[in-house]
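The values are calculated or read from the model by the stated rules, or taken from the named source; none is laboratory data. The shown structure was predicted, so the numbers you read here are calculated from the model rather than taken from an experiment. Virtual Cβ from ideal backbone geometry, glycine too; neighbours counted across all protein chains shown. Heads up: the accessible areas ignore ligands, DNA and RNA and are worked out on the full protein's heavy atoms, side chains in. Shrake-Rupley method; radii C 1.70, N 1.55, O 1.52, S 1.80 Å.
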Amino acid sequence: MLMLLSAVAGCSTAGGGDRHPSSQLRLVKLNPAETSILLTAAAAGTIAPRGKCVYFVGARDQRTLALWPAYFELDTLRGAPVGVRNTLTGTRVAFGEPHTFGGGNMQALPGMVLEPVPAGCSGPAMMLYFD
């Protein structure tokens with residue numbers, strides 16, 4: 001019985017994405033030249049880890065690969081990813097937290113991203129940011 005309680009206590013559904021984000025989770029970051037002019041469409045939804053990447057989750061649970069300006073990083077708590085942080089402003093958005101983001105649809109083409117997109121991270125993509 002004690003083992004069952006320990007296992008239940010260690011589980012969390014907060015964040016809405018993978019139950020336990022991958023230790024290989026990272027942000028797909030855009031080259032600074034690609035974000036010199038930020039796309040300004042508003043997108044209401046949440047962010048969620050999926051595999052090795054972070055996705056924007058919009059209406060009807062539609063997931064779009066998030067492409068972040070280079071000044072964003074994973075936000076962690078005790079070493080575990082819990083959301084994304086804007087390093088210029090210090091603002092944080094947790095996985096699963098409803099938020100209105102800036103951004104717009106774009107492709108993750110070689111040369112536009114700082115590092116290759118991890119294997120398994122695919123589908124439509126969009127620039128995503130918040131102040």
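Listed here are the residues, each with its yes/no results for (1) more than 21 Å from G120 (Cβ to Cβ); (2) of a type outside the set (D, E, K, R); (3) in contact with a Gly (Cβ under 6 Å, 6 or more places away or on another chain).
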residue	(1), (2), (3)
V54	no, yes, no
R60	yes, no, no
R63	no, no, no
W68	no, yes, no
A80	no, yes, no
N86	yes, yes, no
T89	yes, yes, no
A94	yes, yes, yes
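In segment 56-77, the condition of being on the phi > 0 side of the Ramachandran plot and either without any contact (Cβ under 8 Å) to a residue 60 or more places away in the chain or part of a strand (DSSP E or B) (or both) is met by at least one residue. In summary, A48 fulfils each of the numbered conditions (1) open to solvent by 10 Å² or more (accessible area, probe 1.4 Å); (2) of a type in the set (G, A, S); (3) closer than 22 Å to G120 by Cβ with the single exception of condition (1). Condition check for S22 on (1) open to solvent by 60 Å² or more (accessible area, probe 1.4 Å); (2) within 22 Å of P118 (Cα to Cα): one failure, at (1). Of the residues making up segment 105-131, those that are out of contact with any Phe, Trp or Tyr (no Cβ under 9 Å at 6 or more places or on another chain) and on the phi > 0 side of the Ramachandran plot are G111, G120. Against the list (1) closer than 19 Å to P21 by Cβ; (2) β-branched (V, I, T); (3) over 13 Å from the mean Cα position of the chain (by Cα), the condition T76 fails is (3). When residues in segment 78-104 are screened for being open to solvent by 60 Å² or more (accessible area, probe 1.4 Å) and on the phi > 0 side of the Ramachandran plot, 2 of them pass. Within segment 105-131, the set of residues being in a strand (DSSP E or B), surrounded by 15 or more Cβ atoms within 10 Å (Cβ to Cβ) and not hydrophobic (A, V, I, L, M, F, W, C) comprises just one member, Y129.
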